[in-house]
Amino acid sequence: MSATQRTTVIRSSGSYLPPQVVTNEMLSRIMDTTDEWIVPRTGIRERRFVMPGVGPAEIAEHAARAALDAAGLTPADIGLVVFATMTPDHYFPGSGGLLAARLGMSTTPALDIRMQCAGFLSGLQTADAFIRSGAFDRVLLVGAEVHSGLMPWPESVWDVMLGRGDGPCDPYWYERASGMRDRAVLFGDGAGAMVLEANESGDGRGFLGFVMKTDGAHWDKLYVPGGGCKSRPYFTPAMFESLGTIPIVEGRQVFRLASQLMPEAVRDVLAKTGHRLEELDLLLMHQANLRINESVQKILGLPDSKVFNNIQKYGNTTAATLPLVYDEAVELGLAGPGSLVGFTALGAGLHWGAAIARL
Ligand code: UT7
């Protein structure tokens, strides 16, 4: 069978959400914020955070094993591991190899993708290209994030937030945490995985097309100023003191760009694959802000039955978002064999795009 007749199907998916729930009220114990501010502007009611010492490779392992179990496969059945994260365990090496080692793989190649909220979408395109080329028959793609590592406050402040220690919060940290409240309330930890594999049956199932775009001129809309090799040395005490290791988010501009570029990408990928919007059964969007997704839904004119959001429970889980939202949507029966499903995301870079798949 020729490579052009080979498609990439999602064989299975798996999720891992750390058990520790952090509500908006819990955040308000350590910073000047309220549930009344957060919910109307973002839709987020709670998120999950890992315990200290838990990194993305560890939570990725849980999600990967869930996806493998769902497919009745073992790590030995995987040809390539692809890991997307913007919060890696270490500056280097990437978390892909760490995950592969955790899964007992000692020679399986592992590739890391650092495209932030668009990382999983790019991973889908990468896996699809490798599979259709015949290079690999089966790819384990994982998105995992531990954003809690970016929160600069000490464990005593975490204790106040989680109700393990007596309040009130140390005023010094209350002021510092309040200074990053526009970002601190948005993110959550989590991991999602998919097993992608070759389909040579010619039944029309699989990824039908991708549209991926980058505009690096917008790099400074969402980035971490401190902690890169443009600086010598690459970390300094002054970076920590000035909160330079905390991401900068030009929230309103990101909001505007996401609301405009995600619907465009969805329309582009539909046109490229010869499909009409009405044929789409479900659109799964990156979950950065419920209001962005409501705006995308409105621009595209999609009914509520054709979109699904779970940001309310998990916040923005960056590269983990698309597999988490997919896994939950399938679990809820919102999509299944034969469904035409769209995926779209926009993230720091800026990178954005859309994909379409027949499940
Ligand atoms: O995917 C990557 C990251 N995601 C995004 O960037 C999502 C896109 N952006 C957004 O969703 C919105 O821009 C935010 C939800 C992040 C922020 O909403 P906004 O309406 O753009 O708020 P703002 O940052 O312009 O702040 C408005 C006011 C400010 O007060 P003053 O200066 O007007 O008195 C902020 O200090 O709201 C204040 N504020 C908060 N108040 C309570 C900002 N964050 C908070 C907070 N709690 N958490």
Item to check | Hits in region 158-168 - residues which are in a loop (DSSP other than H, G, I, E, B) and closer than 21 Å to residue 147 by Cα | outcome: 163, 164
Checklist entry - Quick one: in region 222-267, which of the residues that are modelled with pLDDT of 95 or more and touching a Phe, Trp or Tyr at 6+ places or on another chain (Cβ under 7 Å) is nearest to residue 356 (Cα to Cα)? => result 265
Checklist outcome for this item: When region 117-143 is checked residue by residue, the ones that are among the small types (Gly, Ala, Ser) and more than 16 Å from the ligand (Cβ to nearest atom) are 123, 127, 129, 133, 134, 135
Checklist entry - Does region 226-251 hold any residues that are within 21 Å of residue 86 (Cα to Cα), part of a helix (DSSP H, G or I) and over 20 Å from the mean Cα position of the chain (by Cα), and which are they? => result 239, 240
Checklist entry - Quick check: is even one residue across region 207-215 more than 16 Å from the ligand (Cβ to nearest atom), outside the structural domain of residue 100 (by TED's automatic domain parsing) and exposed (fewer than 15 other Cβ atoms within 10 Å of the Cβ)? => result no
Checklist entry - Within the set of pairs 6+ apart or on separate chains, which have a first residue in region 248-273 that is on the phi > 0 side of the Ramachandran plot, a second that is in a helix (DSSP H, G or I) and more than 16 Å from the ligand (Cβ to nearest atom), and C-beta atoms under 6 Å apart? => result none
Checklist entry - How many of the residues making up region 298-326 are away from the ligand (no atom under 12 Å from the Cβ) and within 30 Å of residue 148 (Cβ to Cβ)? => result 13
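Hey, among 177, 135, 198, 191, which residue is in a loop (DSSP other than H, G, I, E, B) and modelled with pLDDT of 95 or more?
135
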Next on the checklist: Restricting to region 93-150, name every residue that is over 20 Å from the mean Cα position of the chain (by Cα) and of a type in the set (Val, Ile, Thr).
Outcome noted: 107, 108, 131
Item to check | Scan of region 268-281 for residues that are farther than 14 Å from residue 353 by Cα and either part of a helix (DSSP H, G or I) or within 18 Å of the chain's Cα centre (by Cα) (or both), ordered by number | outcome: 277, 278, 279
Next on the checklist: Only one of 341, 330, 325 is part of a helix (DSSP H, G or I), over 13 Å from the mean Cα position of the chain (by Cα) and not assigned by TED's automatic domain parsing to the domain that holds residue 119. Can you tell me which?
Outcome noted: 330
Item to check | Whichever residue in region 76-116 is within 16 Å of the ligand (Cβ to nearest atom) and assigned to a loop (DSSP other than H, G, I, E, B) and, among such residues, is surrounded by the fewest Cβ atoms within 10 Å (Cβ to Cβ) | outcome: 114
Item to check | Complete set of residues in region 13-57 that are more than 13 Å from the ligand (Cβ to nearest atom), crowded, with 20+ Cβ neighbours inside 10 Å and either more than 18 Å from residue 151 (Cα to Cα) or among the acidic types (Asp, Glu) (or both) | outcome: 13, 14, 15, 16, 17, 57
Checklist entry - Restricting the search to region 252-281, which residues are surrounded by fewer than 17 Cβ atoms within 10 Å (Cβ to Cβ) and within 9 Å of the ligand (Cβ to nearest atom)? => result 252, 253, 256
Next on the checklist: Against the condition assigned by TED's automatic domain parsing to the domain that holds residue 187, crowded, with 22+ Cβ neighbours inside 10 Å and part of a helix (DSSP H, G or I), how does residue 119 come out, does it pass?
Outcome noted: yes
Checklist entry - of a type in the set (A, V, I, L, M), surrounded by 22 or more Cβ atoms within 10 Å (Cβ to Cβ), in the same structural domain as residue 185 (by TED's automatic domain parsing) and at pLDDT 95 or above: does that describe residue 60? => result yes
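The values are calculated or read from the model by the stated rules, or taken from the named source; none is laboratory data. Treat the numbers as computed from the prediction; the structure is a model and nothing was measured. Positions of Cβ are backbone-derived with ideal geometry, glycine not excepted, and every protein chain shown enters the neighbour counts.
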